[in-house]
Amino acid sequence: MIKYLSIPKAALMAVLALSFLSATAQKKNDDAKMNAFVTNLMSKMTLDEKIGQLNLVTMGRAITGSVVNNGVEERIKKGEIGGVFGVYGTEYVSKIQDLAVKESRLHIPLIFGLDVIHGHKTIFPIPLGISATWDMALIQESAHIAAKEATAEGLNWVFSPMVDIARDPRWGRISEGSGEDPWYGSQVAKAMVRGYQGDDMKNGDAVMACVKHFALYGGAEAGREYNTVDMSINKMYQDYMPPYKAAVDAGAGSFMSSFNTINGMPATVNKWLLTDLLRKQWGFKGFVVSDYTAVNEVTNHGLGDLQTVSALALKAGLDMDMVGEGFLTTLKKSLKEGKITQQEIDLACRRVLEAKYKLGLFDNPNKSINADREKQDVLTADNRAFARKIAEHSFVLLKNQAQTLPLKQSGTIALVGPLADNHSEMLGTWVIAGDPSKSVSVMEGIKNVAGNNVNVLYAKGANFTEDSLLGARAFPFGLSQMKDKRSPQELIDEAVETAKKADVVVAVVGESANMTGESSSRSDITIPKNQRELLKALAKTGKPLVIVLFNGRPLALPWENEHASAILDAWAPGTEAGNAIADVLFGNYNPAGKITATFPLSVGQIPIYYNHKNTGRPFNGKGSAKFKSDYLDISNDPLYPFGYGLSYTTFNYSDVKLNKTELKGNETLKATVTITNTGKFAGEEVVQLYISDPVASVSRAVKELKNFQKISLQPGESKEVSFNVTTSDLKFYNNDLVYDWEAGQFIVQIGTNSSDTHSAAVQWSK
């Protein structure tokens, strides 16, 4: 028999304390070595070389703005460039790095960055889709695989994660974040940072994360890209800032400033934001880079010419200027004129050099340059298998009338829609290094999974759009929507005839990747009109209509919800799109995704989000609506609430049981429900915990997500799910911006989404 040693609690605490002290001592020793190294290096640098470290340029392979830097190679040799982005591949990167470490005076290595947003070469679902997995292990692993592939191609810095809270789906970049909830967004932020950076950024498969966009970018007025942001300080702290703070706590190495204003001051020159909040309040130790030409664009905000705004940015706490070269061309003059100080230049330079030190670039400038790894670690079979898995887990079943899904692996399927037989659109928005030719189309996926048992008939049915304005703006710079030259009616007629020959219609429709992401705001967030006409014609055939939806945002889908037999939201699934979609359509995987951003009934409800505050005249849907907070023409309720997602099986929730109904001080409340799989399929369920604070010193949200558990149940199986609630879950920012909790009644709610919950009340005194 094996005997286990019982360690007294006091002894265990002593061991943990010693371990903490040892780690702290090691951290101080490492910091001292870094400080000594950087101080010595800076003592040798000229003013021009110090300013050069603050200059980030692009060499033109991946452009996200209208400017490309010229004369880069000569400037690298002169020490006038600190980093390069937009290039990847070991051969290309090594040549550029050699210019810095072999031909510049002090041999300071460059940092190489890229927009690695949802995978590098192996592309995963868009971030909004990844967030729908509600699986932090999967999310962290997706970032780790992306880092492994990125480093294999010479990169050591990624402009990700985007942690902006977004409550307006008109904003195109909602696709790049984790939705509307600050608590959930914080969990994703931490997972992504840990996945990218690993245990030590000096490791060969680790990159430095760049958290963006600091701050409040997702609050752009009217959902219009690059627009003004204006909100109360309480709303900032309570609802928008938590994911950024979580990223700092997770050890993020860098931040990116946002384009928007905050309290009337552009973020890039906002000292309160970049210094007082980020560094002094939160303790951030890394460096801050501007977004693409954001320094130059401060002039458009009305704060002065390039020299003036560059000086403002440096003094505010911005350390690196992306592409605009305002720092490079004006800081020396501003120093001479007394508009900035040498100390301010030195501080920014030090932060950039420290980042390179933390990445291990001074020890080995070529640590991420390995031709063998580039061949072995990129787009591997294992990476593709993971891409297929995370895509399956990201899909959200929005409707499934009469158990239309899963499909039988027999009979005839009419596969229609502009996304049904398409490779490039599988990858979604913000894909720099992904190869569309390596992606799996929906047509290929269905054939791969169902084989010869299913007869697939294909008809395109519609182009992405017939709207000339939308088409021109969504597909600029020579991009093509691969438009079929036949008339819209001819395309529909062919699809209808195809549907008549089939047992079921699978319509793969929605947004092109070019309709989502940066600079892709839409005022009308329905499916494009011509695709809607296709769906209407297909519905009239009387055949079961399954919609597979591609989208980078919540869409308004009231017609689709009413008339389709089933709707599967696939977002933009990535490299393994077709295989993952087919796995779910045929029931090889039971979808368990839950949306992290509310789907409105109409664009007129926007902004709409679950954790809104009450009004003095709330409307509960009962009685007269006059003189209540409502609309005359539609319900206040969304089409699909936050946290919503169906399964091929069904789950029953018991009432909430509390271990006590009166608590005091730092006691822990245990809230339990029993979940039963009442259907015929094994399935996963995301059990969600919300808390309401009915009476407080400030108006509180009607409810707030505080935890969740993802469980798996066989048919007929039951499982108890318990949550431990502490006073940390009750805290909020009061009117003095003090983060604390207040005694009183709290409502604990547990359910399958933010609207469908069971609740119990508790009194908690201090």
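Quick look at the values:
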| quantity | calculated |
| --- | --- |
| 5 angstrom amide H check on F586, placed H, neighbours 5+ away | L407 |
| Exposure of K536 as accessible area (Å², to 10), given a probe of 1.4 Å and all protein chains | 70 |
| Area of R388 that stays accessible when all protein chains are in place (1.4 Å probe, Å², to 10) | 70 |
| Probe 1.4 Å, accessible area per residue of region 349-443, Å² | 37 |
| Förster radius 45 Å - calculated FRET efficiency between S629 and E662, Cβ distance, rounded to 0.05 | 0.85 |
| Cβ-derived FRET efficiency at R0 45 Å, A32 paired with F477, nearest 0.05 | 0.35 |
| Under the Karplus curve 6.51 cos²θ - 1.76 cosθ + 1.60, θ = phi - 60°, whole-Hz ³J(HN,Hα) for region 199-209, x wherever Gly or Pro sits | 6, 8, 5, 6, 4, x, 10, 10, 10, 8, 6 |
| Exposure ranking of S629, S565, S334 by accessible area [1.4 Å probe, largest first] | S629, S565, S334 |
| Area projected by the alpha carbon convex hull of the chain, averaged over all directions, nm² | 36.9 |
| Net charge dipole size for region 646-766 [Lys, Arg +1 and Asp, Glu -1 on Cβ; Debye, nearest 20] | 140 |
| Accessible-area ranking of H612, H213, largest first, probe 1.4 Å | H612, H213 |
| Residues of type lysines that K315 reaches as a straight line, Cα spacing below 23 Å, ignoring anything fewer than 8 places off in the same chain | K50, K212, K245, K271, K280, K285, K332, K333, K336, K339, K356 |
| Distance in nm between pseudo-label sites at T299 and T674 (7 Å out along the Cβ direction from Cα) | 7.0 |
| Dipole axis of the chain (+1 Lys, Arg; -1 Asp, Glu on Cβ), positive-most option in V84, A539, A206 | A206 |
| Carbon plus sulfur fraction of accessible area for region 79-185, probe 1.4 Å, in percent | 48 |
| Cut-off under 5 Å, modelled amide H: who pairs with Y640 long-range | F599 |
| Partner lysines for K485 [C-alpha distance under 21 Å; skip if fewer than 8 residues away on the same chain] | K460, K529 |
| Sequence ranges 486-497, 121-132, 643-654, ranked by mean other-Cβ count within 10 angstrom, highest first | 121-132, 643-654, 486-497 |
| Percent carbon-and-sulfur accessible area, region 549-679, ignoring ligands, DNA and RNA, probe 1.4 Å | 48 |
| FRET efficiency, Q714 to R105 (Cβ-Cβ, R0 60 Å, nearest 0.05) | 0.35 |
| Region 698-738 - percent of accessible surface contributed by carbon and sulfur, probe 1.4 Å | 37 |
| Given charges at Cβ of Lys, Arg, Asp, Glu: region 370-472 dipole, positive-most of S468, G451, L415 | G451 |
| By average C-beta atoms within 10 angstrom, highest first, the peptides 677-683, 53-59, 299-305 | 53-59, 677-683, 299-305 |
| Difference of contour (0.36 nm per residue) and Cα-Cα distance, E490 to K731 | 80.8 nm |
| Accessible area in square angstrom per residue, region 212-311, 1.4 angstrom probe | 31 |
| Expected 222 nm ellipticity per residue - DSSP helices of 4 or more, -39500 (n - 2.57), all of the chain, to 500 | -9000 deg cm²/dmol |
| Average accessible surface area per residue within region 73-179, 1.4 Å rolling probe, Å² | 22 |
| Spatial separation of Cα centroids for region 676-700 and region 413-492, in angstrom | 37 |
| Set of aspartates and glutamates near K483 by C-alpha distance (under 19 Å), chain-local residues within fewer than 8 positions excluded | D421, E425, E466, D467, D493, E494, E511, E533 |
| For E742, residues with placed amide H under 5 Å, excluding near neighbours | none |
| Nearest-20 debye value, the chain charge dipole, Cβ charges on Lys, Arg, Asp, Glu | 1100 |
| Check: region 557-657 dipole with +1 on Lys, Arg Cβ and -1 on Asp, Glu Cβ, in debye | 640 |
| Whole-number percent relative contact order across the chain, with pairs defined as alpha carbons under 8 Å at least 6 apart | 13 |
| Principal axis dimensions, region 522-681 - Cα atoms, whole angstrom, descending | 60, 46, 30 |
| Beta bridges by DSSP in the chain, antiparallel share as percent, to the nearest 5 | 50 |
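The values are calculated or read from the model by the stated rules, or taken from the named source; none is laboratory data. This one's a predicted model, so the numbers in the text were calculated from it and none came from an experiment. With ideal geometry, Cβ positions are generated from the backbone for all residues, glycine too; neighbour counts draw on all protein chains shown. These area figures cover heavy atoms from the full protein model, side chains too; ligands, DNA and RNA do not enter into them. Shrake-Rupley method; radii C 1.70, N 1.55, O 1.52, S 1.80 Å.
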